[in-house]
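Notes follow once the structure below has been shown.
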Amino acid sequence: MIRSSSSLLPVEVNASLSETLQVISAEPLDVVALLSQAHHPGAGAVVLFSGEVRDSNKGREVACLEYEAYAPLAVKMIHEILAEARKKWGLRLAIAQHRIGRLSIGESAVVVITASAHRREAYEANQHIIHRIKHEVPIWKCEYFTDGGHQWGNNCNC
Amino acid sequence: MKIHVYATLKDYFSSEFELNAVARNTDELKLRLLEINDGAKSILDNCRFAIEEGFIDHDHKLKENDTVIIIPPSSGG
């Protein structure tokens, strides 16, 4: 069995991670565990993006966020986005996981990990994937503010 | 026809409800929904529509027993 020198995980485990990972999760995202599995012997670069809950937005203090998704379509679209990115940038690995439910400040809402032979492809693909997840996939954020108000979506600053 | 709405549309409609009116396509469905709550017009104008796991175009023929998912602009991440 071939093993990845960096993680000592079987290559087969790494290769199937993108197929078995639950891309929409009601449980807290374990960023460190995801990264520990995201190694490939052919990848000299691994890029991890974690979108995390900020304590303010446009001058209002945020208490928490809540995400919901239309999961059947969201899962399908995220898999398609990852597959397209793998092909376009020749990635060794591309995974994404998005949280749903109520999140506290500092929690990770979404993780995207890309791995490629060299860093340029991993960086570019990672930005592309998170941009498409934010703008195309049926997942919505509701911000709850400390002043008692709440606001759905339409607040992307990117 | 069953209707499921998400996110900000839940401020205007029940998250799941039965529509007992004729809507042959998504344009007609939007009109029926505005008859229930016309405050949702600007949001509905920017929504996508789906059946099960696929988006549908405005000229897709809806059937009486369809479950239509109404999808506001995404705001994940």
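No value in this document is a laboratory result; all are computed from the given coordinates. None of these values were measured; they are calculated from a predicted model. Quick reminder, even Gly has a Cβ in these numbers, built from the backbone with ideal geometry, and neighbours come from all protein chains shown.
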* To do: Lys and Arg at +1, Asp and Glu at -1: add these up for the other residues within a Cβ distance under 13 Å of A:Gly148 and post the number.
  => -2
* To do: Taking the Cβ of A:Glu107 as the centre, find all other residues whose Cβ is under 14 Å away and add up their charges (Lys, Arg: +1; Asp, Glu: -1).
  => -2
* Asked: How many lysine pairs in chain B, separated by 8 or more positions in sequence or lying on different chains, have Cα atoms less than 16 Å apart?
  -> 9
* Any chance you could count the Lys pairs in chain A whose alpha carbons are under 25 Å apart, treating pairs 8 or more apart or on different chains as valid? => 8
* **Dipole magnitude of chain B about its Cα centre (Cβ charges: Lys, Arg +1; Asp, Glu -1), debye to nearest 20** => 60 debye
* To do: Report the longest stretch of chain B that contains none of the GluC sites (Glu not before Pro) sitting in a DSSP loop with at most 16 other Cβ atoms within 10 Å.
  => B:1-51
* What does the charge add up to near A:Ala45, with Lys and Arg as +1, Asp and Glu as -1, over the other residues with Cβ less than 14 Å from its Cβ? -> +1
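Taking a quarter of the surface of the Cα convex hull of region B:2-71, what do you get in nm²?
Result: 4.1 nm².
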* Comparing A:Val46, A:Val111, A:Val32, which has the greatest mean-square fluctuation in the GNM of chain A with Cα pairs linked when under 10 Å apart? -> A:Val32
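For A:Lys141, A:Lys88, what's the fewest-to-most ordering of other Cβ within 10 Å of each Cβ? Could the numbers behind the result be given before it?
Numbers: A:Lys141 24, A:Lys88 12.
Ascending Cβ contact count within 10 Å gives the list A:Lys88, A:Lys141.
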* For B:Arg48, residues with placed amide H under 5 Å, excluding near neighbours -> B:Ile71
* So what does log10 I(q)/I(0) come out to for region A:11-152 at q = 0.15, 0.19 Å⁻¹, using the Debye formula with one equal point on every Cα and no solvent? -> -0.73, -1.07
* Structure fact -> Answer in debye to the nearest 20: the dipole magnitude of the protein assembly as shown about its Cα centre, from +1 Lys/Arg and -1 Asp/Glu charges placed on Cβ, is 760 debye
